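Student: Got a structure for you, questions after.
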Amino acid sequence: RLIRFRPDKSNAYRFKAAALGHLGQIEEANRALKMAIEVSPQNFEYFVRRRPSWMRAVDHDLQVEGLRKAGLPE
């Protein structure tokens, strides 16, 4: 729903990509991943490449694992 109402926010695409990656829906996950990066490369870098200090490491690791399954480049 958030993507429909606020397509300019990359967080929803990032979570969608990670969830779909974990579910094995790789093609759709990859499309969401590309949108997350395209909408806001800076936001993506902040939340994925550099874990925010307030985010639990276990949550960050789980999200990154899903994004890797979606095609996240190393």
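Student: Of the residues in region 1-50, how many are charged (D, E, K, R), part of a loop (DSSP other than H, G, I, E, B) and closer than 19 Å to Glu74 by Cα? Step through it out loud before you land on a result.
Tutor: So the first thing to find is which residues in region 1-50 are charged (D, E, K, R), and the list is 1, 4, 6, 8-9, 14, 16, 27-28, 31, 34, 38, 45, 49-50.
Now narrow it down to the ones that are part of a loop (DSSP other than H, G, I, E, B): 1, 6, 8-9, 50.
Then keep just the ones that are closer than 19 Å to Glu74 by Cα; that gives 50.
Within region 1-50, residues that are charged (D, E, K, R), part of a loop (DSSP other than H, G, I, E, B) and closer than 19 Å to Glu74 by Cα number 1.
Student: Specify the residue that is least open to solvent (accessible area, probe 1.4 Å); the eligible residues are those in region 51-74 that are part of a loop (DSSP other than H, G, I, E, B) and within 16 Å of Ile26 (Cβ to Cβ). Give the derivation first.
Tutor: Going residue by residue through region 51-74, those that are part of a loop (DSSP other than H, G, I, E, B) are 51-56, 71-74.
From what's left, within 16 Å of Ile26 (Cβ to Cβ): 71-73.
Values: Gly71: 41, Leu72: 14, Pro73: 75 Å².
Looking at the filtered set, the residue picked out is Leu72.
Student: While we're here: Pairs only if they're at least six apart or on different chains, beta carbon under 6 angstrom, first in region 55-73 and of a type in the set (Gly, Ala, Ser), second open to solvent by 20 Å² or more (accessible area, probe 1.4 Å) and in a helix (DSSP H, G or I); list them, first residue then second.
Tutor: Filtered contacts from region 55-73: Gly66/His22; Ala70/Asn30; Gly71/Asn30.
Student: Condition test on Ile3, is it at pLDDT below 95, β-branched (Val, Ile, Thr) and out of contact with any Cys (no Cβ under 6 Å at 6 or more places or on another chain)? Explain how you work it out, then say what you get.
Tutor: On the way: at pLDDT below 95: yes; β-branched (Val, Ile, Thr): yes; out of contact with any Cys (no Cβ under 6 Å at 6 or more places or on another chain): yes.
In short, yes.
Student: For region 1-42, enumerate the residues that are of a type in the set (Val, Ile, Thr) and under 11 Å from Leu67 (Cβ atoms). Lay out the reasoning, then the answer.
Tutor: From region 1-42, those of a type in the set (Val, Ile, Thr) are 3, 26, 37, 39; that's our starting set.
Correct list: Ile37 only.
The values are calculated or read from the model by the stated rules, or taken from the named source; none is laboratory data. Note that the structure is a prediction, hence the values are computed from the model and not measured. Please note: Cβ atoms are built from the backbone with ideal geometry, for glycine as well, and neighbour counts cover all protein chains shown. Side chains included, ligands, DNA and RNA excluded: accessible areas come from the protein's heavy atoms. Shrake-Rupley method; radii C 1.70, N 1.55, O 1.52, S 1.80 Å.
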